[in-house]
Amino acid sequence: MKRIDALLSLETFHKVPDRSLSPIYSNFGLCFDAQTAGPELLLHYNRRTRTVFSPLFSFAAPCKANATFLSAAFADGSGTYELCYYDTDAFVLGAVNASPVRLFDSGACGMQQSWKAFSAGDMLLYQGYSKNGDDRDPDTYVPVLCGVRVTAGTLREDGGGAVILPDKNGRLYFAAAFAVLDISVQRVQKTLFAAPAHLDGAKSAMRRWAEDCAGGLRRMPADPGARRTFLTAVSGLLMNLTKAPGNLSRCVSAFPSRGGYPTHYLWDSAFQNLAYELMSEKIAADTLLQLAYSIRPDGKIPQFLCSTWTRPHYAQPALLGWAAERYVARVGEQKAGADFIRTMASVLAKNNMWWLTQRITEYGLICCPDGLETGQDDSPRFDNGPVLAVDMNSYLLEQMRATAYFCRLAGDGDGAADWENRADLFAARMVKYLYDEDRNLFFDADPATGVRATMVTLSSLIPLWAGVPLPEARIKAMIEDYLLNEKYFFGKVPFPCVAYCEPAYEPAQWWRGPTWMPVAWLMLETLEKHGYSAEREEAARRLYRIMLEDGVLHELFDSATGEGLGCDEQGWTAAIFIRLSQEDRAAVKSE
């Protein structure tokens, strides 16, 4: 498979936490630059990345490193060392003409305390505690276990760590394995004993994993630059997949960014699945079921999920229904399976009722207390306090209709009719309270007074995506006067979150003016839904070009210059680039 071959050979450097070497669903990643004394061992866990060893192991002399997406090679002038993962949180390193390699140096240990958990000839395990970096985490420390087994060379302890000496032929080969939270000496030992005897075995394991997770992709861009960005997008999404312990152990999780946001978000997962559902049906189902299984007895789905805690206070947009319905539409009812369909029908109905009881107002619409709940953290829409948010009510409207869809597939006709009726009434209320007939646009409203805001933001158009009941002529006028108007949203960098002409517009300030690809994608769907295919193609082409010129798929983009901002290899940006590359020929014509 040429796509997998190209992916495996993608040259990169794992020099920052966002791009650590952490394949095969790993929680632990390796970080290093082109010149290195040895790789840093990072733990991507519970919303924070922390250092476990820096470096994990070191060479006798600084090494020149060469890295691909899934492996790394080091050379110190005389010897060469090659590293490749073979399992979750486990890799092998082989060397010829090797010098001694030092590891588990106590001076390099980032854990609060550590001790030798097991030692026997060719195997050594260290256990310790890593301090959690988020004060919302209920546990101050998390247990970590690190192990090594040498099969070529000699392992020697020296009090402050260990040294691996090459054999008489200059060969050195060892396996390393790690565990967090759910730790077991016996299980880590089993992983070490299962290490392949040669690097080729590890490379084969890597290939199988890559094929399982990305084998559904059907094409690569023809242009070399676009191909590299495409492969960067795929590699980022694969590295963000994690088999995390604790609360997340039931499914594969998809982090937005393994370095910046190592946790499973609701909002992010809905958009990342734009790519995962093309890459692997199993992964796509897992990322949605992870959210479904997290639902509280009262129906709340947390804003994000960690191994031992969820974010308190806030939820996140009700987008699970949209993502789940899109998934079933793509793979088919039979492949999705009756269990998935029944689970979604039940979970969505329960989650809808949480919104309709925990966030409902006298207007029959939901109120949002803070921008954090919408995903638009510091939006000027919330500068004066809580609002009846047009976007959040739109997402809930869409989820009500998705609930009816799943009830119907599950054979619950009465449930489907009930949610269809609820959705129609809810949509009518949105028009009554949030629609300004004179300006022909939707606005947030003050929950205390019902007075509508006047600021034009991209959220003002999201009710059209959700299908509110307006005359077609009004819908077309709204799209043409605002969404496709370069004064408001359709400039060189289209779809800023705040209209270009608003006094509050700041093109590079988080949710106060930049372009964010998730809501930009919703605008592409809005244009397509209402018959603006040519305009949708032009918008997609511009967005694709911005991501292509950025190259590393940043979290957001300056809407005046197109400069990338925030984390790179961000999951939703990568997902939308892949989706356009795979399905939108018009968008990639500019390659």
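Couple of notes before you dig in:
- Acute angle (nearest 10 degrees) that the helix 338-358 long axis makes with the longest principal axis of the chain, alpha-carbon atoms: 60 degrees
- Region 247-374: equivalent-ellipsoid semi-axes (sqrt of 5 x gyration tensor eigenvalues, Cα, Å): 23, 18, 13
- Here the dipole of region 458-510 is about 80 debye; that uses its Cα centre as origin and unit charges on the Cβ of Lys and Arg (positive) and Asp and Glu (negative).
- For region 1-76 versus region 511-564, the gap between their alpha-carbon centres in whole angstrom: 31 Å
- Size of charge dipole - the chain - debye, nearest 20, with Cβ of Lys, Arg +1 and Asp, Glu -1, no other charges: 1480 debye
- Full-extension gain in nm, residue 168 to residue 436, via 0.36 nm per residue minus C-alpha separation: 88.3 nm
- Rounded to 10°, Cα long-axis angle of helix 266-279 versus longest principal axis of the chain: 70 degrees
- Long-range amide H partners of residue 89 with built H, under 5 Å: 26, 27, 28
- Virtual spin-label span in nm between residue 187 and residue 293, 7 Å along Cα→Cβ: 1.4 nm
- Whether region 87-222 is rounded, prolate or oblate, judged on the alpha carbon gyration tensor where a/c under 1.5 counts as rounded: oblate
- The modelled label-to-label distance for the pair residue 487/residue 13, using points 7 Å beyond Cα in the direction of Cβ, is 4.8 nm.
- Put simply, the amide H of residue 12, placed in the peptide plane, has neighbours under 5 Å in 67, 68, 69, leaving out anything fewer than 5 places away on its chain.
- Region 434-471 and region 298-361 have Cα centres spaced 25 Å apart.
- Karplus 3J(HN,Hα) series, Hz, for region 226-236 with 6.51 cos²θ - 1.76 cosθ + 1.60 (x for Gly, Pro): 5, 5, 5, 5, 4, 5, 4, 4, 5, 5, x
- Couplings 3J(HN,Hα) of region 44-58, computed from phi: 9, 7, 6, 6, 9, 9, 9, 8, 9, 9, 9, x, 5, 9, 9 Hz, in residue order, whole Hz [Karplus 6.51 cos²θ - 1.76 cosθ + 1.60, θ = phi - 60°; x for Gly and Pro].
- Rounded to the nearest whole Hz, the Karplus-based 3J(HN,Hα) values (6.51 cos²θ - 1.76 cosθ + 1.60, θ = phi - 60°) of region 113-118 follow the sequence 8, 8, 7, 6, 8, 7, with x at glycine and proline.
- Note on region 177-229 and region 119-145: Cα centroid distance 24 Å, given to the nearest whole angstrom.
- Computed on region 306-445, with alpha-carbon pairs under 8 angstrom and 6+ residues apart, the relative contact order is 27 percent.
- Over region 317-469: Kirkwood hydrodynamic radius from C-alpha pairwise inverse distances, Å: 15.9 Å
- Pairs with C-alpha atoms separated by more than 32 Å, drawn from the list 2/190; 300/335; 203/282; 15/203; 15/190, are 2/190.
- Counted residue by residue at 0.36 nm each, then reduced by the alpha carbon distance between them, the extension gain from residue 211 to residue 528 reaches 110.9 nm.
- Taking the three principal axes of the alpha carbon atoms in region 2-212, the coordinate ranges are 46, 42, 31 Å, sorted in descending order.
- Cα-projected label distance for residue 106 with residue 313, points at 7 Å along beta-carbon direction, nm: 4.2 nm
- Per-pair calculated FRET efficiency, R0 = 35 Å: residue 508 and residue 64 via Cβ, rounded to 0.05: 0.45
- The mean sequence distance of close C-alpha pairs (under 8 Å, at least 6 residues apart), as a share of the length of the chain, puts its relative contact order at 11 percent.
- Percent breakdown of C-alpha pair distances by 10 Å bin, ordered from the shortest bin, for region 183-223: 24, 30, 30, 11, 5
- One chain, two ends: residue 34 and residue 361. Fully extended at 0.36 nm per residue, the span grows by 112.1 nm beyond their Cα-Cα distance.
- Projecting the Cα atoms of 433, 334, 524 onto the charge dipole of the chain (Cβ charges, centred on the Cα centre) puts 334 farthest toward the positive pole.
No lab work stands behind these numbers, since they all come straight from the coordinates. Remember, it's a predicted structure, so these values are computed and weren't measured experimentally. Virtual Cβ from ideal backbone geometry, glycine too; neighbours counted across all protein chains shown.
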